[in-house]
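Peer 1: Would you mind keeping the following structure in view while I ask a few things?
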Amino acid sequence: RQALAMARLPPIKALFLDFDSTISTPIFVDRARKWAVADDVALFRSMTPEERLANLGGSERLAALQVLLHDLVTAGVTLYIVSIGHRSAFGPHLQEVGIIAQSAESAARPGRGANGTSRDGSRPLSAEVDCGIARPLSQARCPICPSRVYGQDSPALRSVHFVKATLIGQLMGETGLGFADALFVDDSLDHIDKASVVCRTLHVAHRRGMQQQEFDAIRAAAGLL
């Protein structure tokens, strides 16, 4: 039903994604006796490659997520991450699997300062690479630029007191997007409710991370179904 409702509106131009329990499928790390959520930077830095993959739902789910994001970028959808977790926690995990590029766009591109910082004052997450429209997955560029990744360690999100809806509204205003042009996906009903007056929303109610039903709803919103 969500996919059908999405398909009745014009295709989105921007997608805003939460991280924990939306992009990720949080696992319990037995050795640390903690759930892997991105407000724990030390835990995320200590996670093994196997734990990182499991926290993204395993290889099959990760592959489906990668294909979805690349298809969206190819269709002209701009991708953002807006999370209450730390960029410094989840950013490197998503860089390793090719979802976030190794740095933000170059200083000559919009939204970059002369010293290479993004619009929110943050430094690149890692070394510089290009970030652009996706090619076939085997040789694709990363679909999300770090300049469009926000966490609780981002000045832009702190400046709006961690209200995601406010930041999303600001970003939409900067790029001339209207209500129907953007979709926000989150597992938190509180964040969804606040954003429901700003843009289209999709609630990941089961809190197991986006699954096929959410992937289909996003594709429908982008006019890909």
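The values are calculated or read from the model by the stated rules, or taken from the named source; none is laboratory data. Being a predicted model, the structure only gives us computed values, none of them experimental. Glycine gets a Cβ as well: all are built from the backbone with ideal geometry, and neighbour counts include every protein chain shown. Areas reflect the complete protein model, heavy atoms only, side chains present, ligands, DNA and RNA absent. Shrake-Rupley method; radii C 1.70, N 1.55, O 1.52, S 1.80 Å.
Peer 1: Going by the structure shown, is THR48 over 20 Å from SER188 (Cβ atoms) and without any contact (Cβ under 8 Å) to a residue 60 or more places away in the chain?
Peer 2: Yes: the conditions hold for THR48.
Peer 1: In a loop (DSSP other than H, G, I, E, B), out of contact with any Asp or Glu (no Cβ under 9 Å at 6 or more places or on another chain) and in contact (Cβ under 8 Å) with a residue 12 or more places away in the chain: which single residue out of GLY98, GLY91 fits that description?
Peer 2: Every option except GLY98 fails the conditions.
Peer 1: Going through the range 193-217 one residue at a time, which ones are β-branched (Val, Ile, Thr), surrounded by 17 or more Cβ atoms within 10 Å (Cβ to Cβ) and over 18 Å from ASP20 (Cβ atoms)?
Peer 2: VAL198 - this is the single residue of the range 193-217 that is β-branched (Val, Ile, Thr), surrounded by 17 or more Cβ atoms within 10 Å (Cβ to Cβ) and over 18 Å from ASP20 (Cβ atoms).
Peer 1: Next question. Conditions: (1) part of a helix (DSSP H, G or I); (2) farther than 23 Å from ARG219 by Cα. ALA38 meets all but one. Number of the miss?
Peer 2: Only one criterion is unmet by ALA38, namely (1).
Peer 1: Let me ask something additional. Would you please name the residue that is surrounded by the fewest Cβ atoms within 10 Å (Cβ to Cβ), looking only at residues in the range 38-57 that are over 16 Å from ASP18 (Cβ atoms) and among the acidic types (Asp, Glu)?
Peer 2: Here the residue is GLU50.
Peer 1: Can you pull out the residues in the range 150-192 that are open to solvent by 30 Å² or more (accessible area, probe 1.4 Å), among the charged types (D, E, K, R) and within 23 Å of THR25 (Cα to Cα)?
Peer 2: Matches in the range 150-192: ASP153, ASP190.
Peer 1: Somewhere in the range 132-144, is a residue open to solvent by less than 60 Å² (accessible area, probe 1.4 Å), in contact with a strand residue (DSSP E or B) (Cβ under 8 Å, 6 or more places away or on another chain), in a loop (DSSP other than H, G, I, E, B) and modelled with pLDDT under 95?
Peer 2: yes
Yes or no, residue by residue, for (1) assigned to a loop (DSSP other than H, G, I, E, B); (2) farther than 25 Å from ARG200 by Cα:
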site: PHE16; (1), (2): no, no
site: ARG31; (1), (2): yes, yes
site: PHE44; (1), (2): no, yes
site: ARG52; (1), (2): no, yes
site: ARG61; (1), (2): no, no
site: LEU68; (1), (2): no, no
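Peer 1: Next question, about the same structure. Output yes when any residue across the range 72-79 is of a type outside the set (Ser, Thr, Tyr), at pLDDT 55 or above, surrounded by fewer than 20 Cβ atoms within 10 Å (Cβ to Cβ) and more than 15 Å from LEU15 (Cβ to Cβ), and no when none is.
Peer 2: Scanning the range 72-79 turns up no residue that is of a type outside the set (Ser, Thr, Tyr), at pLDDT 55 or above, surrounded by fewer than 20 Cβ atoms within 10 Å (Cβ to Cβ) and more than 15 Å from LEU15 (Cβ to Cβ).
Here is a yes/no grid of residues against (1) under 25 Å from CYS199 (Cβ atoms); (2) open to solvent by 40 Å² or more (accessible area, probe 1.4 Å):
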residue	(1), (2)
SER59	no, yes
LEU65	yes, no
LEU68	yes, no
ILE84	yes, yes
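Peer 1: Exactly one of these conditions fails for ARG1: (1) closer than 17 Å to HIS206 by Cα; (2) at pLDDT 95 or above; (3) surrounded by fewer than 21 Cβ atoms within 10 Å (Cβ to Cβ). Give me its number.
Peer 2: ARG1 satisfies every listed condition except (2).
Peer 1: Can you pull out every residue in the range 186-225 that is among the β-branched types (Val, Ile, Thr), farther than 14 Å from LEU69 by Cα and part of a helix (DSSP H, G or I)?
Peer 2: Selection gives ILE192 alone.
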